[in-house]
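Engineer: Please see the structure below; I have some questions.
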Amino acid sequence: MPNYRYRALNPHGEIFDGQMEAASEAELVARLQDQGHLPMETQLADGGAIGASNWRSLLRQRPLQGAALLQFTQQLATLLGAGQPLDRALSILLGLPEDERSRRAITDIRDVVRGGAPLSTALERQHGLFSRLYVNMVRAGEAGGSLHETLQRLADYLERSRALQGKVINALVYPAILLVVVGGALLFLLGYVVPQFAQMYESLDVALPWFTNAVLQLGLFVRDWWVLLLVVPAVLALFFERKARQPAFRLALDGWLLQRRGIGRLLGELETARLARTLGTLLRNGVPLLGALGIARNVLGNRALAADVEAAADEVKNGAGLSLALSRGKRFPRLACR
């Protein structure tokens, strides 16, 4: 009988690791659920292959997002709500998506489910295609016997998230276009028009005010070094992109952004809305508070706020209230903490 490693959430909201012998991964999940635990990750203890889809574990896939994920969730919830068995519902979904990537993923999920594994395990085996939030929501729905309702709530959550993301993008499109147009026009004036005035003033041999002279010199600089003006920003952007991968730098940068007027308040409100929406969805589906905080922390894009949530989870574990624990970080809005 194979030996499996697992990570699970106990009824007190604490995450723990362990090992157990089971005939299959589905039996392992069933045993843990019978003990009152919520399985989060499972794999063979010897690192062997679990199935054909395990070959992709070496290459973590790009998460399924946007319309494709929303469509899959809504259609699966509708089919299950209509009384279709899970295997049959997945087979029906195979003919609906237009892109090959989604069809291949649904095929793998259906094959794993036919092998006796729960849907959450089949989703987890896609190795990054579905987020941790998504997998754990489905697992909680399976444990509570309300998979159909859970998928409906997930669809609502994804739809609201897309709507919020769309509003943010629409709000930033105009300033971005304006910045590009104004910047391009300014470079054209400085690099092409101003140097012609410089030649004219030079032929007149007259003394110019210091400001006019500074503008002329700036125009000559742009004309002679325009390549440098394109390369330097690109190099700086690449440098900051690499630095942003370092946890310490990203944490400091996100904390600095939260302290800036305007953008800091906007980022804080967006991340707070994301946290509240995620926590509400998880708690409604029976995920314990500590486990929900651990999952919601990974949903936040701002590392400083994520660190505050992690610290709040530690305080809640020691008996503190969630509102008090979040307010001690002094980064979340006061209204949200109440």
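Engineer: Counting other beta carbons within 10 Å of each residue's own, what order do Lys330, Lys243 fall into, fewest first?
Structural biologist: Listing Lys330, Lys243 from fewest to most nearby Cβ atoms yields Lys330, Lys243.
Engineer: Toward the positive end of the charge dipole of the chain, about the Cα centre and with charges on Cβ (Lys, Arg +1; Asp, Glu -1), which of Val316, Ser102, Gly145 goes farthest?
Structural biologist: Comparing the listed Cα positions along the dipole, Val316 ranks first.
Engineer: By counting other Cβ atoms within 10 Å of each Cβ, how are Val135, Val287 ranked from fewest to most?
Structural biologist: Val135, Val287
Engineer: Something else about it: Roughly speaking, what is the stretch gain from Asn10 to Leu230, that is 0.36 nm per residue apart minus the C-alpha to C-alpha distance, in nm to one decimal?
Structural biologist: Stretched fully, the Asn10-Leu230 segment lengthens by 73.7 nm.
Engineer: Report the one residue of Gly280, Ala336, Gly268 whose Cα lies farthest in the direction of the positive end of the charge dipole of segment 241-338 (charges on C-beta: Lys and Arg +1, Asp and Glu -1; origin at the Cα centre).
Structural biologist: Gly268
Engineer: With n ≥ 4 as the cut-off for DSSP H runs, can you work out [θ] at 222 nm for the chain, using -39500 (n - 2.57) per run divided by the number of residues, rounded to the nearest 500? Walk me through the intermediate numbers first.
Structural biologist: Details: 16 runs with 224 residues, N = 338.
It comes out at -21500 deg cm²/dmol, rounded to the nearest 500.
Engineer: Net charge around Asp111, counting only other residues with Cβ within less than 12 Å of its Cβ (Lys, Arg = +1; Asp, Glu = -1)?
Structural biologist: Values: positive: Arg104, Arg110, Arg114, Arg125; negative: Asp87, Asp108.
Here the count lands on +2.
Engineer: Using a Gaussian network for the chain with springs between C-alpha atoms less than 10 Å apart, which of these wobbles most: Leu220, Leu326, Leu90?
Structural biologist: Maximum fluctuation in the GNM of the chain, among the listed residues, is at Leu220.
Engineer: When the chain is modelled as a GNM with alpha-carbon springs shorter than 10 Å, which of Ala214, Ala68, Ala105 fluctuates the most?
Structural biologist: Largest GNM mean-square fluctuation: Ala214.
Engineer: With charges set only on the Cβ (+1 for Lys and Arg, -1 for Asp and Glu), what does the dipole of segment 252-329 come to about its Cα centre, in debye to the nearest 20?
Structural biologist: On the way: 10 positive and 7 negative charges, 43 e Å.
The calculated dipole for segment 252-329 is roughly 200 debye.
Engineer: How do Glu142, Glu100, Glu310 line up, fewest other C-beta atoms within 10 Å first?
Structural biologist: Glu100, Glu310, Glu142
Engineer: Okay, moving on. What residue among Leu93, Gly66, Leu123 has its Cα farthest toward the positive end of the dipole of the chain, where the charges are +1 on Lys, Arg and -1 on Asp, Glu, each on the Cβ?
Structural biologist: Positive-most Cα among the choices belongs to Gly66.
Engineer: To continue, here is another question. Only Lys, Arg, Asp and Glu count, each charged at its Cβ (+1, +1, -1, -1), so figure out the dipole size of the chain about its Cα centre, rounded to 20 debye.
Structural biologist: 640 debye
Engineer: Counting only other residues whose beta carbon sits under 13 Å from that of Leu236, what net charge do I get with K and R as +1, D and E as -1?
Structural biologist: +1
Engineer: Compute the signed sum of charges (Lys and Arg +1, Asp and Glu -1) over the other residues within less than 13 Å, Cβ to Cβ, of Glu271.
Structural biologist: Around Glu271, the surrounding residues sum to +3.
Engineer: Here is a follow-up. Based on the alpha-carbon gyration tensor of segment 113-168 and its eigenvalue square roots a ≥ b ≥ c, which shape applies: rounded if a/c is under 1.5, prolate if not and a/b is larger than b/c, or oblate?
Structural biologist: Oblate.
Bear in mind these aren't lab numbers, they're just calculated from the coordinates by the rules spelled out. Since we're looking at a predicted model, the values are computed, not measured. Cβ: placed from backbone, ideal geometry, glycine included. Neighbour counts: every protein chain shown.
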